[in-house]
Amino acid sequence: MSRSVMRFVPHTIRHEPEAAVTFEAFCTAPGCDETSGSQEAQDTAQDWCLRHTGRTGHDLFRRVVTDHARVTRDE
Ligand SMILES: [Zn+2]
């Protein structure tokens with residue numbers, strides 16, 4: 001029988017404010033694969049939704065916001 005020793009080192013994860021946050025909207029209408037693309041400003045993604053609804057009548061969007069997180073070793 002072999003034995004392994006696993007040492008637990010505590011870490012903390014938190015939002016990294018220096019890295020980009022992105023916003024993207026996906027149209028959920030059946031058969032429509034259009035998206036806003038990844039945007040750095042929330043307004044840009046929302047404006048895309050408004051224009052898409054005006055052009056197509058599609059009115060429901062899945063929205064995705066991404067951020068970056070950094071893990072640091074606790075002192
Ligand atoms: Zn659509």
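The values are calculated or read from the model by the stated rules, or taken from the named source; none is laboratory data. Just so you know, these numbers come straight off a predicted model, no measurement behind them. Positions of Cβ are backbone-derived with ideal geometry, glycine not excepted, and every protein chain shown enters the neighbour counts.
Side notes on the structure shown:
- Meeting the requirement of 1 or more residues that are at pLDDT below 95 and touching a Lys or Arg at 6+ places or on another chain (Cβ under 7 Å), the strands (runs of 3 or more DSSP E) wholly within the chain are 11-15.
- When GLY57 is tested against the conditions (1) free of Cβ contacts under 8 Å to residues at least 24 places away in the same chain; (2) surrounded by 10 or more Cβ atoms within 10 Å (Cβ to Cβ); (3) within 11 Å of the ligand (Cβ to nearest atom), the lone failure is (2).
- Here region 46-75 is the region considered, the condition is being aliphatic (A, V, I, L, M) and in contact with a Phe, Trp or Tyr (Cβ under 9 Å, 6 or more places away or on another chain), and the residue that is farthest from PRO17 (Cα to Cα) is VAL64.
- Taken over region 8-40, the criterion of being β-branched (Val, Ile, Thr) and either surrounded by 12 or more Cβ atoms within 10 Å (Cβ to Cβ) or more than 16 Å from the ligand (Cβ to nearest atom) (or both) is satisfied by VAL9, THR12, ILE13, VAL21, THR22, THR35.
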